[in-house]
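Novice: Let me give you the structure first, and then I'll get to my questions.
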Amino acid sequence: MNYYERNRDAFLKGLMEFLRIPSISTLPENKPDIQRAAAFVAAELRGAGMQQVEIIEGQGHPLVYGEWTGAPGKPTLLMYGHYDVQPPDPLEEWKSPPFEPTLRGDDLFARGSSDDKGQTYILIKAVEGLLKTEGRLPVNVKFLIEGEEEVGGEHIEAYVSSKPPRLKADAAVICDTEMFAPGLPTLCVGLRGIVYLELDVRGADHDLHSGSYGGAAPNPFQAVAEILCALKDREGHILIPGFYDRVRPPSAKEREAWARLPFDEEEYKRKEVGVTELVGEPEIPLFERLWARPTLEVHGIRGGFTGEGAKTVIPARAVAKISMRLVPDQRPEEVLEQFTRAVTAACPRGVTAEVRNIHGAAASLVDTESPFIKAAAEALSESFGKETVYIRSGGSIPIVGLFDRFLGIPSVLMGFGLPDDNLHAPNEKFHLPNFYRGIEAVAKYLEVLGR
Ligand code: BES
Ligand code: ZN
């Protein structure tokens with residue numbers, strides 16, 4: 001048995017400890033948990049044999065840094081992950097509590113198990129194993145782990161854009177994506193960007209009795225609905241002027257590769273998504289809709305009366321949370337402007353509509369010809385005994401674009417999540433065989449690169 005096989009129980013125990021910390025980045029009341037999670041990561045990095053380990057404080061949640069640079073002449077990898085998680089609500093949907101990691105079969109259930117604590121832990125344990133058994137690494141490794149990926153990553157953006165010399169590296173390695181299917185080694189080579197905003201609609205200056213004033217007073221909820229219908233049609237085409245102008249379609253080669261992926265649309269629809277019908281632009285194939293077309297989604301509408309029973313009120317205000325996923329070469333600032341103009345044009349009389357930016361990030365594409373990608377495909381194929389597939393993902397990892405822009409390095413997105421891991425949803429899980437195999441695959445990657 002090698003180090004990795006011998007230490008599976010210890011790895012699992014460590015991961016469970018990590019998962020017990022409710023490090024929800026968006027909620028102020030979890031700030032102490034964020035600090036604890038950062039301290040946990042720092043301790044793990046030290047335990048793994050990393051040097052210069054440091055918790056970097058700044059505006060927003062702390063970053064954790066560590067490095068091992070004892071392989072002169074060899075490439076340097078910058079390993080990235082995030083220790084923050086999404087809120088666990090709705091709590092009543094969880095079969096076991098979100099911050100009490102629970103094993104059912106081969107799956108470990110907890111918020112953050114797959115996104116991204118389990119996968120961040122893979123990187124740490126891979127390095128730990130090599131350092132504990134060989135006393136050295138085949139390449140130089142730096143870690144930069146953040147605590148606000150799920151809320152846009154302000155701190156890491158400020159830090160990376162200042163180009164600190166210690167971040168100098170040849171490529172980044174990120175485990176925060178999914179495998180296309182169980183057992184199928186996957187490299188993600190494209191991510192969508194995002195613009196997240198609030199649409200704040202105000203009508204009368206106070207709430208009104210809907211009997212006394214209905215028929216005369218404007219209703220902000222109706223206005224939100226009208227604005228939304230003006231922004232996207234019933235077939236999923238976004239109607240914002242100029243929105244699609246810069247969209248770069250996937251290459252013919254990419255389209256062909258996607259069409260060859262092993263996929264059962266019926267099963268995807270019924271089991272994975274849990275719907276009777278898929279929607280979206282009817283003339284565009286599914287993977288292209290998910291990975292290479294922009295979207296506009298509403299996440300919640302706040303205001304008015306939402307309690308049990310009935311209350312007859314015309315609310316004074318409605319606030320909608322909306323995001324648009326972006327694709328290459330859309331620009332977040334430009335899309336925000338286009339959106340704001342379209343809202344102004346669509347806003348019905350009697351109400352005002354204000355658009356507030358929350359966060360934004362550009363889409364990213366990785367060059368599949370990069371030697372770092374080729375080595376990753378080789379390591380994954382060896383570890384999983386199958387040819388590595390290249391896909392894109394519809395999600396966003398803002399740092400990928402920033403590493404490219406400010407550090408000039410590509411990101412190797414070597415993810416070990418599964419499509420049914422329930423990211424951001426109740427009953428998030430991580431498939432443990434992927435956890436253990438992921439650790440060995442990352443170690444193999446370092447070895448391949450060191451050759
Ligand atoms: N791990 C996800 C991104 C992801 C999701 C990649 C699904 C591949 C498949 C990441 O942690 C995430 O959720 N990011 C946020 C970023 C946003 C808030 C800026 C997202 O995509 O919503
Ligand atoms: Zn996430």
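Novice: Does segment 364-380 include one or more residues that are within 16 Å of ligand 2 (Cβ to nearest atom) and closer than 30 Å to residue 1 by Cα?
Specialist: no
Novice: Given the residues 182, 98, which is the only one that is buried (at least 19 other Cβ atoms within 10 Å of the Cβ), in contact with a helix residue (DSSP H, G or I) (Cβ under 9 Å, 6 or more places away or on another chain) and not hydrophobic (A, V, I, L, M, F, W, C)?
Specialist: Of 182, 98, the one residue that is buried (at least 19 other Cβ atoms within 10 Å of the Cβ), in contact with a helix residue (DSSP H, G or I) (Cβ under 9 Å, 6 or more places away or on another chain) and not hydrophobic (A, V, I, L, M, F, W, C) is 98.
Novice: Go through segment 153-171 and report how many residues are touching a strand residue (DSSP E or B) at 6+ places or on another chain (Cβ under 7 Å), farther than 24 Å from residue 387 by Cβ and buried (at least 21 other Cβ atoms within 10 Å of the Cβ).
Specialist: Qualifying residue count for the region: 4.
Novice: Take residues that are among the hydrophobic types (A, V, I, L, M, F, W, C) and tell me which of the helices (runs of 4 or more DSSP H) falling wholly in segment 1-109 contain 1 or more.
Specialist: Those helices (runs of 4 or more DSSP H) span 8-19, 31-48.
Novice: Which of (1) within 16 Å of ligand 2 (Cβ to nearest atom); (2) closer than 28 Å to residue 408 by Cα does residue 88 not meet, given it meets every other one?
Specialist: (2)
Novice: If you take the residues in segment 66-95 that are away from ligand 1 (no atom under 16 Å from the Cβ) and crowded, with 23+ Cβ neighbours inside 10 Å, which one is farthest from the chain's Cα centre (by Cα)?
Specialist: 66
Novice: Would you point out the residue of segment 28-64, among those that are touching a Lys or Arg at 6+ places or on another chain (Cβ under 9 Å) and within 27 Å of residue 451 (Cβ to Cβ), that is surrounded by the fewest Cβ atoms within 10 Å (Cβ to Cβ)?
Specialist: Per the stated criteria, the residue is 52.
Novice: Inside segment 355-373, can you point out the residues that are surrounded by 15 or more Cβ atoms within 10 Å (Cβ to Cβ) and not polar (S, T, N, Q)?
Specialist: Answer for segment 355-373, where residues must be surrounded by 15 or more Cβ atoms within 10 Å (Cβ to Cβ) and not polar (S, T, N, Q): 355, 359, 360, 361, 362, 363, 365, 366, 372, 373.
Novice: For residues that are of a type in the set (S, T, N, Q) and more than 16 Å from ligand 2 (Cβ to nearest atom), scanning just segment 146-188, find the one that is nearest to residue 443 (Cα to Cα).
Specialist: We begin by selecting, within segment 146-188, every residue of a type in the set (S, T, N, Q); these are 161-162, 177, 186.
Adding the requirement that they be more than 16 Å from ligand 2 (Cβ to nearest atom) leaves 161-162, 186.
On the way: 161: 29, 162: 30, 186: 16 Å.
Going through the qualifying residues, I end up with 186.
Novice: A follow-up question, please. Please determine whether any residue of segment 40-53 is at pLDDT 95 or above and within 16 Å of ligand 1 (Cβ to nearest atom). First the steps, then the outcome.
Specialist: Keep residues of segment 40-53 that are at pLDDT 95 or above, which gives 40-53.
Now narrow it down to the ones that are within 16 Å of ligand 1 (Cβ to nearest atom): 41.
Within segment 40-53, one or more residues are at pLDDT 95 or above and within 16 Å of ligand 1 (Cβ to nearest atom).
Novice: Now a separate question. Would you call residue 304 among the small types (Gly, Ala, Ser) and in contact with a Phe, Trp or Tyr (Cβ under 7 Å, 6 or more places away or on another chain)?
Specialist: In short, yes.
Novice: Could you check segment 280-293 and list, in sequence order, the residues that are over 15 Å from residue 257 (Cβ atoms) and out of contact with any helix residue (DSSP H, G or I) (no Cβ under 9 Å at 6 or more places or on another chain)?
Specialist: Selection gives 282, 283, 284, 289, 293.
Novice: Further question: Residues 190, 203: which one is surrounded by 23 or more Cβ atoms within 10 Å (Cβ to Cβ), modelled with pLDDT of 95 or more and either touching a Pro at 6+ places or on another chain (Cβ under 9 Å) or more than 29 Å from residue 329 (Cα to Cα) (or both)?
Specialist: So the residue among 190, 203 that is surrounded by 23 or more Cβ atoms within 10 Å (Cβ to Cβ), modelled with pLDDT of 95 or more and either touching a Pro at 6+ places or on another chain (Cβ under 9 Å) or more than 29 Å from residue 329 (Cα to Cα) (or both) is 203.
Novice: Taking the condition modelled with pLDDT of 95 or more, polar (S, T, N, Q) and more than 30 Å from residue 127 (Cα to Cα), does residue 212 pass?
Specialist: Against the criterion (modelled with pLDDT of 95 or more, polar (S, T, N, Q) and more than 30 Å from residue 127 (Cα to Cα)), residue 212 qualifies.
Novice: Inside segment 80-113, can you point out the residues that are of a type outside the set (D, E, K, R) and closer than 13 Å to residue 12 by Cα?
Specialist: Selection gives 101, 102, 103, 108, 109, 110, 113.
Let's see how each residue does on (1) under 28 Å from the mean Cα position of the chain (by Cα); (2) charged (D, E, K, R):
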site	(1), (2)
200	yes, yes
212	no, no
218	no, no
223	no, no
233	yes, yes
236	yes, no
242	yes, no
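Novice: Just need a number here: residues in segment 124-145 that are within 17 Å of the chain's Cα centre (by Cα) and more than 16 Å from ligand 2 (Cβ to nearest atom).
Specialist: Summing the residues that are within 17 Å of the chain's Cα centre (by Cα) and more than 16 Å from ligand 2 (Cβ to nearest atom) in segment 124-145 gives 1.
Novice: If you scan segment 137-165, which residues turn out to be within 22 Å of residue 125 (Cα to Cα) and not in a loop (DSSP other than H, G, I, E, B)?
Specialist: 140, 141, 142, 143, 144, 145, 146, 149
Novice: For segment 168-178, how many residues meet the condition of being more than 10 Å from ligand 1 (Cβ to nearest atom), under 20 Å from residue 82 (Cβ atoms) and assigned to a loop (DSSP other than H, G, I, E, B)? Walk me through how you get there before you give the answer.
Specialist: Step one: filter segment 168-178 for residues more than 10 Å from ligand 1 (Cβ to nearest atom), giving 168-173.
Okay, now just the ones that are also under 20 Å from residue 82 (Cβ atoms), so 169, 171-173.
Next cut, assigned to a loop (DSSP other than H, G, I, E, B) only: 169.
The number of residues fulfilling the criteria is 1.
Novice: Something else: crowded, with 18+ Cβ neighbours inside 10 Å, away from ligand 2 (no atom under 16 Å from the Cβ) and either part of a loop (DSSP other than H, G, I, E, B) or in contact (Cβ under 8 Å) with a residue 40 or more places away in the chain (or both): does that describe residue 430?
Specialist: For residue 430, the condition - crowded, with 18+ Cβ neighbours inside 10 Å, away from ligand 2 (no atom under 16 Å from the Cβ) and either part of a loop (DSSP other than H, G, I, E, B) or in contact (Cβ under 8 Å) with a residue 40 or more places away in the chain (or both) - is not met.
The values are calculated or read from the model by the stated rules, or taken from the named source; none is laboratory data. All values derive from a computational prediction rather than experimental measurement. Glycine gets a Cβ as well: all are built from the backbone with ideal geometry, and neighbour counts include every protein chain shown.
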